[in-house]
Amino acid sequence: MKQSLIALIALRKLVSEMEKDLGMNELSEVERLILLAANELQDTNGEVDSVALREHPLTADLTRPTFFRVVRKLEDRGRLQRPEGVQRGAYLLG
């Protein structure tokens, strides 16, 4: 058990350092989860389907209001944006 905890601590430190390097350390945990899921889901045009984003394993446990509140916050910060001419259903990484 102790070895597992030591390994987990080392892994968490590594992830934290990577998040800093990527400029994600100023984001909340939920913001980071949504951005990570969006990065994994983006298609060749850089678009992310909102339903797929909502159902991604990193975001599936978020309540609907929390998900959309945080997506709006990420839009306001320029981290996500809507593709031109698209009202709903897709996002682009900013």
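Laboratory data are not the source of any read-out in this text; all were calculated from the coordinates shown. Model, not experiment: these values are computed from the prediction. Neighbour counts run over all protein chains shown; Cβ positions are idealised from the backbone, glycine included.
May I ask you to derive the relative contact order of the chain, considering only C-alpha pairs under 8 Å and at least 6 residues apart, and to give it as an integer percent? Could you put the intermediate results ahead of the total?
Numbers: 71 pairs, mean separation 23.5, N = 94.
After rounding, I find 25 percent.
Count neighbours as other Cβ atoms within 10 Å of each site's Cβ, and list the trypsin sites (Lys or Arg not before Pro) in the chain that are DSSP loop with at most 14 such neighbours.
Details: sites: 2, 12, 13, 20, 32, 54, 69, 72, 73, 77, 79, 88; in loops: 77, 79, 88.
Those satisfying the criteria are 77, 88.
Could you work out the helix-only [θ] at 222 nm for the chain, with each DSSP H run of four or more residues adding -39,500 (n - 2.57) and the total divided by the number of residues, to the nearest 500 deg cm²/dmol? Walk me through the intermediate numbers first.
Values: 4 runs with 52 residues, N = 94.
Helices in the chain give a 222 nm mean residue ellipticity of -17500 deg cm²/dmol.
If you find the alpha carbon centre of the range 1-43 and of the range 55-94, how far apart are they in angstrom?
19 Å
Find the all-direction average of the projected area of the Cα convex hull for the range 52-94, expressing the result in square nanometres with one decimal place. Provide the component values of the computation, followed by the final result.
Values: hull surface 12.2 nm².
Mean shadow area of the hull around the Cα atoms is 3.0 nm².
Relative contact order (percent) for the range 29-77, with alpha-carbon contacts under 8 angstrom and 6 or more residues of separation? Before the final figure, lay out each step's value.
On the way: 26 pairs, mean separation 19.4, N = 49.
Answer for the range 29-77 is 40 percent.
Take the Cα pairs of the chain, get the Kirkwood Rh, then feed it into Stokes-Einstein at 20 °C and 1.002 mPa s and tell me D in µm²/s.
Details: Rh = 14.3 Å.
Translational diffusion coefficient: 150 µm²/s.
With axes computed from alpha carbons, what is the tilt in degrees of helix 64-76 against the longest principal axis of the chain, rounded to the nearest 10 within 0 to 90?
Roughly 80 degrees, rounded to the nearest 10.
Straight-line reach from residue 73: which lysines have a Cα under 23 Å away, not including same-chain ones fewer than 8 places off?
Result set, ordered by chain and number: 20.
Just add up the charged neighbours of residue 23: K/R +1, D/E -1, any other residue whose Cβ is under 13 Å from the Cβ of residue 23.
On the way: positive: 20, 32, 77, 79; negative: 17, 19, 21, 26, 31.
For residues surrounding residue 23, the net value is -1.
Quick one: what are the phi-derived ³J(HN,Hα) couplings along the range 28-33, Karplus 6.51/-1.76/1.60 with θ = phi - 60°, whole Hz, x for glycine and proline?
6, 4, 5, 4, 4, 4
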